[in-house]
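K.L.:
Below: one structure in structure tokens.
The values are calculated or read from the model by the stated rules, or taken from the named source; none is laboratory data. Because the structure is a prediction, the values reported are computed rather than measured. Here the Cβ is made from the backbone with ideal geometry for all residues, glycine too, and neighbour counts use every protein chain on show. To get the accessible areas, we keep the full protein, side chains included, count just its heavy atoms, and leave off ligands, DNA and RNA. Shrake-Rupley method; radii C 1.70, N 1.55, O 1.52, S 1.80 Å.
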Amino acid sequence: MKYLVVGLGFNLFWLLAVWGQYQYVTILISLLIGCWLFYHRCLPFALIASAIGIGGDYVLFQLGVMQSPLPTNPLFAPFSAFIPLWLILLWLGFTSMVWIMRAQLQRLPVWSVIVGGSLVVH
């Protein structure tokens, strides 16, 4: 049941990040802080693992492969030169979810985790 709730929770997080983008940044940050307070050992993993995804997305943005609308709120404008804040939060949410579900993921064949993870991220 725990994994079902975590999976559905991440889908809601993903929806708020991708569909809402800058509109729900405060909610996304609040959800991440709550997650990290409840699963405090999750934070170091999320930061390190997210750095890899964020770095990859940065390269894709610089090459022009990925694009995102510019934020209308000047508070988020500094992220326009890097990658959108909502995408950074999405990576942090995804890697936090992976850490929480790590015991379940370790039971699965490696190929299914790779394929499933590729489908979830993109």
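K.L.:
Consider the stretch 82-96. How many of its residues are open to solvent by less than 30 Å² (accessible area, probe 1.4 Å) and in contact (Cβ under 8 Å) with a residue 40 or more places away in the chain? Walk me through it before giving the result.
P.N.:
Kept after step one, since they are open to solvent by less than 30 Å² (accessible area, probe 1.4 Å), are these residues of the stretch 82-96: 83-90, 92-93, 95-96.
So of that shortlist, the ones also in contact (Cβ under 8 Å) with a residue 40 or more places away in the chain come out as 84-87, 89-90, 92-93, 95-96.
Counting residues in the stretch 82-96 that are open to solvent by less than 30 Å² (accessible area, probe 1.4 Å) and in contact (Cβ under 8 Å) with a residue 40 or more places away in the chain gives 10.
K.L.:
Only helices (runs of 4 or more DSSP H) wholly contained in the stretch 27-108 count here; list those with 1 or more residues that are within 21 Å of L16 (Cα to Cα). I'd like the intermediate steps shown before the answer.
P.N.:
Details: elements: 42-62, 85-100, 102-106.
Here the list reads 42-62, 85-100.
K.L.:
With respect to the numbered conditions (1) open to solvent by 90 Å² or more (accessible area, probe 1.4 Å); (2) in contact with a helix residue (DSSP H, G or I) (Cβ under 7 Å, 6 or more places away or on another chain), which one is the sole condition not fulfilled by F79?
P.N.:
Every listed condition holds for F79 apart from (1).
K.L.:
Of everything in the stretch 17-34 that's within 13 Å of F76 (Cα to Cα) and out of contact with any helix residue (DSSP H, G or I) (no Cβ under 7 Å at 6 or more places or on another chain), which residue is most open to solvent (accessible area, probe 1.4 Å)? Can you show your working first?
P.N.:
Going through the stretch 17-34, the residues within 13 Å of F76 (Cα to Cα) turn out to be 21-26.
In the following step, the residues that additionally are out of contact with any helix residue (DSSP H, G or I) (no Cβ under 7 Å at 6 or more places or on another chain) were identified as 23, 26.
Details: Q23: 134, T26: 105 Å².
Checking each candidate, the answer is Q23.
K.L.:
Which one is farthest from R102 (Cα to Cα) among residues in the stretch 42-66 that are of a type outside the set (A, V, I, L, M) and in contact (Cβ under 8 Å) with a residue 40 or more places away in the chain? Break it down into steps so the answer makes sense when it comes.
P.N.:
So in the stretch 42-66, the residues of a type outside the set (A, V, I, L, M) come out as 42, 44-45, 50, 53, 55-58, 61-62, 64.
Imposing the further condition that a residue be in contact (Cβ under 8 Å) with a residue 40 or more places away in the chain reduces the set to 42, 45, 50, 53.
Details: C42: 10, F45: 11, S50: 15, G53: 18 Å.
Among residues in the stretch 42-66 that are of a type outside the set (A, V, I, L, M) and in contact (Cβ under 8 Å) with a residue 40 or more places away in the chain, the one farthest from R102 (Cα to Cα) is G53.
K.L.:
So, S50, is that one surrounded by 11 or more Cβ atoms within 10 Å (Cβ to Cβ), of a type in the set (S, T, Y) and modelled with pLDDT of 95 or more or not?
P.N.:
yes
K.L.:
Among the candidates I48, I33, which residue alone is of a type in the set (A, V, I, L, M, F, W, C) and either in contact with a Pro (Cβ under 9 Å, 6 or more places away or on another chain) or under 19 Å from W14 (Cβ atoms) (or both)?
P.N.:
Details: I48 fails: either in contact with a Pro (Cβ under 9 Å, 6 or more places away or on another chain) or under 19 Å from W14 (Cβ atoms) (or both).
From the options I48, I33, the qualifying one is I33.
K.L.:
Also, quick follow-up: Check P71 against each of (1) touching a residue at least 12 places away in the same chain (Cβ under 8 Å); (2) open to solvent by 90 Å² or more (accessible area, probe 1.4 Å) and name the one condition it does not meet.
P.N.:
(2)
K.L.:
Just to check your reading of the model, which residue among F13, F76 is closer than 17 Å to V98 by Cβ and of a type in the set (A, V, I, L, M, F, W, C)? Walk me through how you get there before you give the answer.
P.N.:
Numbers: F76 fails: closer than 17 Å to V98 by Cβ.
Exactly one residue qualifies, and that residue is F13.
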